[in-house]
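Written below as C-alpha cells is the structure these notes are about.
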Amino acid sequence: MRILITGANRGLGLALSKIGAERGHQIISGVRDLQKSEESLTHSEIYKSISLLPLDVTDEESVSSAANTVKENFGTIDAIINNAGVLLERDKQIEELDLDQVKVTFDVNFFGPIRVVKHFLPLLMMGDRSSIINISSEAGSMANAYGGDYAYASSKTALNMFTLQLSQYVKNNNINVYSVHPGWIKTDMGGERAPGNPIDTAKGIFDIIEGKQEISDDNVFITYEGQPMPL
Ligand SMILES: NC(=O)c1ccc[n+]([C@@H]2O[C@H](COP(=O)([O-])OP(=O)(O)OC[C@H]3O[C@@H](n4cnc5c(N)ncnc54)[C@H](OP(=O)(O)O)[C@@H]3O)[C@@H](O)[C@H]2O)c1
C-alpha cells in the first residue's frame, strides 16, 4: 500500500514510517524540515523506500502543493495517517490561558487534518480498500473529560467530530475512517514517564490499515488495538 503520514520525522510519525517501510509499504513521510528529517528517516537501507514530502499542515498552500506532488509522482494513495499534533497550554487555568496558543493547537490538530483530507481525498477515492486514520487522544473523549486541558482536549474532541462527519461522507466509497487513541507513549510529547512505546502503537495502527483488526462497524473512535473508545 502507499501511505501518507504527517508529522513523520519524530515520535509516533517516525515509528509509523519505520514500521510501514519494514512491512513493505510505500511510505510518503510528510515533514516540515526536509534536512532535519533526512537524518532520522533515511539512515538505513530499508528506509530508502521512504519518500520525504515537504508538508506543513497549517499552510493550505503547502498541503495543496504536496497533494499535487504525490499525484504527479504516484497517482493514488491507499491511506492517510493524520499524525502531526501539538500539545500546548496543558495545566493552564482559564484565567492564564493564552488564546493564541489555543488557536495554534486547533490549527495543527483540527484544521490540519481537514486541510490534508480536503486535498488528498481525491487521490484516495481512486484506490480500493482505503483508510483515513486521525491520530486522536483519550483527552478528546467527552465522556471522560478531565480538567486543565482546554486547548489540546478540545482540539481532539473536534477532531473526533471531523472523523464522524467524514465517515458519513465516504461510507459508500470503501474508505474506513477512524480516530485512533495511540496510548500514552514515549515521545517528545508523551515524555519519558510514558509507559507505551511508539513502535508497538505503530504496529497496531498498521494492523488496522491492513484489515487485521476486528472493528465493529459503528465504532469510529478506537484504540491502536482496535478497542472502542467512548466519544
Ligand atoms: N505521545 C503521546 O503520549 C500521545 C498521546 C495521545 C495522543 N498523541 C497524539 O499522537 C500524535 C503524535 O504525537 P507524538 O507524541 O509523536 O508528538 P511529537 O513527538 O511532539 O511529534 C509531533 C510531530 O508533529 C509534527 N508537527 C507539529 N506541527 C506540525 C505542522 N504544522 N505541520 C506538520 N507537522 C507538524 C512535528 O514536526 P516538527 O518536528 O517539525 O515539529 C512532529 O513530527 C499527535 O497527534 C498527538 O496528539 C500522542
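Quick one: the Cα spread of the range 60-168 along its three principal axes, in angstroms, biggest first?
Largest first, the range 60-168 extends 49, 29, 16 Å along its Cα principal axes.
From the alpha carbon gyration tensor of the chain, can you work out the equivalent ellipsoid semi-axes (sqrt of 5 times each eigenvalue) and give them in Å, largest to smallest?
Numbers: eigenvalues 128, 81, 65 Å².
One finds semi-axes of 25, 20, 18 Å for the chain.
Using the alpha carbon gyration tensor of the range 149-204, what are the three equivalent-ellipsoid semi-axes (square root of 5 times each eigenvalue), largest first, in whole Å?
Those come to 27, 17, 5 Å.
Peptides 178-185, 68-75: what's the order by average Cβ count within 10 Å, highest mean first?
Numbers: 178-185: 23.5, 68-75: 13.5.
My ranking of the peptides, most packed first, is 178-185, 68-75.
Student exercise: in the chain, how many lysine pairs 8 or more apart or on different chains have Cα atoms under 17 Å apart?
11
No lab work stands behind these numbers, since they all come straight from the coordinates. Everything numeric here is computed off the predicted structure, so don't read it as measured data. Quick reminder, even Gly has a Cβ in these numbers, built from the backbone with ideal geometry, and neighbours come from all protein chains shown.
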